[in-house]
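Chemist: The structure under discussion is supplied below as structure tokens; questions concerning it will follow.
The values are calculated or read from the model by the stated rules, or taken from the named source; none is laboratory data. None of the values given here were measured: they were computed from a predicted structure. Methodologically, a virtual Cβ is constructed for each residue, glycine included, from the backbone with ideal geometry; neighbour enumeration extends over all protein chains shown.
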Amino acid sequence: MTASASLTLGLIHALIWWRQRDAWSNLLFAMAAFGTVAFTICDLAAQLATSPAQYALAVRYAHLALWVGIIPLAIFVRFQFRAGRIWLLCTFCALRTLSLFLNFFTGENLNFRQITHLNHVVFMGASIAVPVGVPNPWMIIGQLSLLALVIFVADAAITAWRRGARRISVLLGGSIVFFVLAGTLQTAMVFWGIVQWPATPSLFYLGIIAAMAYELSDEALRARQLARALQASEQQISHAAQAARLGFWVLQYARNEVWATEQMRALFGFTKSQQLQLEDFILRLHPEDRETAQQMLAKAARGDGKYRAEHRVLLPNGQQHWVICQGSVEFDGFGQPFRLLGVSMNITDEKQMDLQAEALRNEVTHLLRAASLGELSSALAHELHQPLTAILSNAQAAKLLIARGDHELEQIGDILDDIVQDDRRAAEVISRMRMLMKKGEFKPEELGANELLQEVTKLMQYDLMARKVRVVTELTPALPSIRGDRVQLQQVLINLILNAIDAMSQQAESSRVLTLRAEHPEQNFIQISVADTGPGIKSGTEEKIFEPYYSTKPDGLGLGLSLSRTILRAHGGRLWSENQDFGGAIFYFTIPESRGAGSTDQTLALRASKPPTNEDHRGPGPL
């Protein structure tokens, strides 16, 4: 009866594991059940033995069968309770394995050094053999191993009880502790010769198998109830996912298989009945995105289990669209990735809107640069007038020397050197102007904050002189590099400096001071500030000045500060302003430190394509 019941239950759960390879509890139960079957056969052979040698041989192999069944039992407890001290489990396994070794190499078996004869008693209507002989003192090792198992199970059950899993603690934990102790006590009393009863440990282990089977059956029942509830809500979720363009998927790590909803299959161009592997999805990605996707998946499996990435998908018909994928890895009791639950969404429309917004922003940026150059026109004319006048004067001087017949080559050479130097100076001015006027996409590069300030100051030098503005630069030496678009950051500085010049236009010439600072007040960010000595910002307009089309100038467009804030947000920084205690306004902006070439290009490009929001319209402080 014990053997047939254990074999039946073992085959059922072995089949479940075969169909679902991640069902480790079912596999462990099947191994414990098959071990109990072998243990029962040896138990029966010992009871029906006709000689001491037959009895000793049956008991010897019964210990092997017990080892096969009881080790999976202990691991099963660890899986089901998700508790239990590892060192206790290892102690039990080590003692049980040692007792198996002693079983084959000390005496006739672990229980007897020698069986002298057999007595027979009547049990359930049959004549059963009861051994009489010299007990093996090493039997204590086997009994200690079972005591270690009892302590391990009790510890796991107490932990589970404290977590609130009281039913499984009492039913499964209590059954294992009771039947192991009862079976050990009965066999010990028989083999030590205390009582003349038949040794029937397999009957006690049938109780353990029954408790384990009940627990797994209860889990299956709860799973079935959950499946019905999920099936009832599946259609609702499906409709909601279809409306939101969402596709759900599950990656099973053990088989590398992917289950996906119809929306997910359509998103990647797969049929409803097609068997899917992870490689099938990887091959549907754009070639430039495949390596990134594999790296992100590997990172999620090794790290915190979070997966998030944007990919381009190439459909079989040649169409391409953008997909954002997000998932979470589930780990088993040993910390190994078990499965990845994910959701994907088509974001092609959003990407197209981002591209259109980026193109529009580039156009507005170009127009504002042109407007800035208009304000600098007088300074540019003055800056170009000087080298051009010098070139003309030197050319006339050289012509005069030649006309007089004075061919002093050294003097003519000096004149030509001056002409070349002035020509280069004019070319440099024109080059800087062309750089600002040039239309272009977002092109981040390694920049120095101090050098950026010096470039803009040099560009606006004559306009500042014409407006009688004194410039004070406070540059922190050895600042870390920043990474950004040189022309766009120059545009931000030009906007802020022009605003500061306009703000000081009504002040006395002696008090017009423009202060430019580059410093490193917080980790990972460089801060640049532009301060003036004008009247300051009118109360209540501290945030209004950053709104599009708001301007305090009669002929202003109201786009300079708004665009500047957008440019800095695209770079991962911030822009804000405040009034100074001693008068005037100060504008701050931050730029992240560079972290290596190419490390932020994609992030900056994506952020540059997003319209501004009010989420960062705060005062100074960490981003």
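Chemist: Looking for whichever is under 20 Å from Ala220 (Cα atoms), assigned by TED's automatic domain parsing to the domain that holds Phe191 and among the polar types (S, T, N, Q) here; the options are Thr97, Thr8, Thr40, Thr50. Which one fits?
Modeler: Within the list Thr97, Thr8, Thr40, Thr50, the selection yields Thr8.
A quick yes/no check of all residues on (1) at pLDDT 85 or above; (2) surrounded by fewer than 21 Cβ atoms within 10 Å (Cβ to Cβ); (3) within 18 Å of Leu493 (Cα to Cα):
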{"site": "Glu522", "(1), (2), (3)": "no, yes, no"}
{"site": "Lys553", "(1), (2), (3)": "no, yes, no"}
{"site": "Gly558", "(1), (2), (3)": "no, yes, yes"}
{"site": "Leu561", "(1), (2), (3)": "no, no, yes"}
{"site": "Ser564", "(1), (2), (3)": "no, no, yes"}
{"site": "Gly584", "(1), (2), (3)": "yes, no, yes"}
{"site": "Ser609", "(1), (2), (3)": "no, yes, no"}
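Chemist: Do you know which residues across the stretch 162-199 are of a type in the set (A, V, I, L, M), within 25 Å of Phe123 (Cα to Cα) and surrounded by fewer than 20 Cβ atoms within 10 Å (Cβ to Cβ)?
Modeler: Just the residues of the stretch 162-199 that are of a type in the set (A, V, I, L, M), to begin with: 165, 168, 170-172, 176-177, 180-182, 185, 188-190, 194-195, 199.
Still in the list and also within 25 Å of Phe123 (Cα to Cα): 180-182, 185, 188-190, 194-195, 199.
Correct list: Leu181, Ala182, Leu185, Ala188, Met189, Val190, Ile194, Val195.
Chemist: Among the residues in the stretch 258-269, are any touching a helix residue (DSSP H, G or I) at 6+ places or on another chain (Cβ under 9 Å), among the polar types (S, T, N, Q), surrounded by fewer than 18 Cβ atoms within 10 Å (Cβ to Cβ) and without any contact (Cβ under 8 Å) to a residue 60 or more places away in the chain?
Modeler: No, because not a single residue in the stretch 258-269 is touching a helix residue (DSSP H, G or I) at 6+ places or on another chain (Cβ under 9 Å), among the polar types (S, T, N, Q), surrounded by fewer than 18 Cβ atoms within 10 Å (Cβ to Cβ) and without any contact (Cβ under 8 Å) to a residue 60 or more places away in the chain.
Chemist: Continuing with the same structure: Any idea which of Gly333, Gly318, Gly342, Gly327 is out of contact with any strand residue (DSSP E or B) (no Cβ under 6 Å at 6 or more places or on another chain) and either in a strand (DSSP E or B) or loosely packed, with under 12 Cβ neighbours inside 10 Å (or both)?
Modeler: On the way: Gly333 fails: either in a strand (DSSP E or B) or loosely packed, with under 12 Cβ neighbours inside 10 Å (or both); Gly342 fails: out of contact with any strand residue (DSSP E or B) (no Cβ under 6 Å at 6 or more places or on another chain); Gly327 fails: out of contact with any strand residue (DSSP E or B) (no Cβ under 6 Å at 6 or more places or on another chain).
That would be Gly318, the only listed residue that is out of contact with any strand residue (DSSP E or B) (no Cβ under 6 Å at 6 or more places or on another chain) and either in a strand (DSSP E or B) or loosely packed, with under 12 Cβ neighbours inside 10 Å (or both).
Chemist: I'd like to check something: does the stretch 289-309 contain any residue that is touching a Lys or Arg at 6+ places or on another chain (Cβ under 9 Å), within 30 Å of Thr566 (Cβ to Cβ), among the acidic types (Asp, Glu) and surrounded by 12 or more Cβ atoms within 10 Å (Cβ to Cβ)?
Modeler: Within the stretch 289-309 (the criterion being touching a Lys or Arg at 6+ places or on another chain (Cβ under 9 Å), within 30 Å of Thr566 (Cβ to Cβ), among the acidic types (Asp, Glu) and surrounded by 12 or more Cβ atoms within 10 Å (Cβ to Cβ)), the answer is yes, since at least one residue qualifies.
Chemist: Please state which of the following conditions Gln490 fails to meet, knowing it meets all the rest: (1) touching a Gly at 6+ places or on another chain (Cβ under 9 Å); (2) crowded, with 17+ Cβ neighbours inside 10 Å; (3) not hydrophobic (A, V, I, L, M, F, W, C).
Modeler: All conditions are met except number (1).
Chemist: Further, regarding this structure: Going through Gly573, Gly536 one at a time, which residue ends up being modelled with pLDDT of 80 or more and on the phi > 0 side of the Ramachandran plot?
Modeler: Gly536
Chemist: OK, next. Within the stretch 60-75, how many residues turn out to be surrounded by 21 or more Cβ atoms within 10 Å (Cβ to Cβ) and either of a type in the set (Gly, Ala, Ser) or at pLDDT below 90 (or both)?
Modeler: Adding up the residues that qualify gives 3.
Chemist: Sticking with this structure for a sec: Before we move on, is Met353 outside any strand (DSSP E or B) and either out of contact with any strand residue (DSSP E or B) (no Cβ under 8 Å at 6 or more places or on another chain) or at pLDDT below 85 (or both)?
Modeler: Criteria met by Met353.
Table: residues versus (1) modelled with pLDDT under 85; (2) in the same structural domain as Gly572 (by TED's automatic domain parsing); (3) not polar (S, T, N, Q).
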position	(1), (2), (3)
Ala449	no, yes, yes
Gln454	no, yes, no
Gln461	yes, yes, no
Arg470	no, yes, yes
Glu474	no, yes, yes
Pro477	no, yes, yes
Pro480	no, yes, yes
Arg483	no, yes, yes
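Chemist: State yes or no: is Thr36 part of a helix (DSSP H, G or I), β-branched (Val, Ile, Thr) and without any contact (Cβ under 8 Å) to a residue 24 or more places away in the chain?
Modeler: Values: part of a helix (DSSP H, G or I): yes; β-branched (Val, Ile, Thr): yes; without any contact (Cβ under 8 Å) to a residue 24 or more places away in the chain: no.
For Thr36, the condition - part of a helix (DSSP H, G or I), β-branched (Val, Ile, Thr) and without any contact (Cβ under 8 Å) to a residue 24 or more places away in the chain - is not met.
Chemist: Hey, another quick one. Looking at the stretch 478-513 only, could you name the residues that are basic (Lys, Arg) and either touching a Phe, Trp or Tyr at 6+ places or on another chain (Cβ under 6 Å) or part of a helix (DSSP H, G or I) (or both)?
Modeler: Answer for the stretch 478-513, where residues must be basic (Lys, Arg) and either touching a Phe, Trp or Tyr at 6+ places or on another chain (Cβ under 6 Å) or part of a helix (DSSP H, G or I) (or both): just Arg486.
Chemist: Please name all residue pairs, on different chains or six or more residues apart, with Cβ atoms under 6 Å, provided the first residue is in the stretch 394-419 and is on the phi > 0 side of the Ramachandran plot and the second residue is at pLDDT below 70 and of a type in the set (Phe, Trp, Tyr).
Modeler: The qualifying pairs do not exist here.
Chemist: Condition first: modelled with pLDDT of 90 or more and closer than 27 Å to Ile151 by Cβ. Now tell me which residues in the stretch 40-58 satisfy that.
Modeler: Passing the criteria: Thr40, Cys42.
Chemist: Okay, moving on. With the requirement that a residue be aliphatic (A, V, I, L, M) and more than 47 Å from the chain's Cα centre (by Cα), what does the stretch 141-198 give you?
Modeler: Pass one, the stretch 141-198, residues aliphatic (A, V, I, L, M): 141, 144, 146-151, 153-154, 156-158, 160, 165, 168, 170-172, 176-177, 180-182, 185, 188-190, 194-195.
Scanning the stretch 141-198 gives Ile141, Leu181, Ala182, Leu185, Ala188, Met189, Val190, Ile194, Val195.
Chemist: Would you confirm, using the coordinates I've provided, whether Thr106 is out of contact with any strand residue (DSSP E or B) (no Cβ under 8 Å at 6 or more places or on another chain), surrounded by fewer than 19 Cβ atoms within 10 Å (Cβ to Cβ) and in contact (Cβ under 8 Å) with a residue 24 or more places away in the chain?
Modeler: Answer is no for this residue.
Chemist: Can you find, within the stretch 7-42, the residue that is surrounded by the most Cβ atoms within 10 Å (Cβ to Cβ) among those that are among the polar types (S, T, N, Q) and under 35 Å from the mean Cα position of the chain (by Cα)? Quick ask: steps written out before the conclusion?
Modeler: Step one: filter the stretch 7-42 for residues among the polar types (S, T, N, Q), giving 8, 20, 25-26, 36, 40.
Right, trim to under 35 Å from the mean Cα position of the chain (by Cα) and you get 20, 25-26.
Numbers: Gln20: 14, Ser25: 20, Asn26: 24.
Applying the filter and picking the extreme gives Asn26.
Chemist: Here's another thing I want to ask about it. Checking the conditions here, which among Val134, Val170, Val153 is in the same structural domain as Ala62 (by TED's automatic domain parsing) and outside any helix (DSSP H, G or I)?
Modeler: Val134
Chemist: Residues that are modelled with pLDDT of 85 or more and closer than 15 Å to Leu66 by Cα: does the stretch 124-139 have at least one?
Modeler: yes
Chemist: Being in contact with a Leu (Cβ under 9 Å, 6 or more places away or on another chain) and in a loop (DSSP other than H, G, I, E, B) is the filter here, so list the residues in the stretch 459-477 that pass it.
Modeler: Once the filter is applied, which keeps residues that are in contact with a Leu (Cβ under 9 Å, 6 or more places away or on another chain) and in a loop (DSSP other than H, G, I, E, B), the stretch 459-477 yields Met460, Val469.
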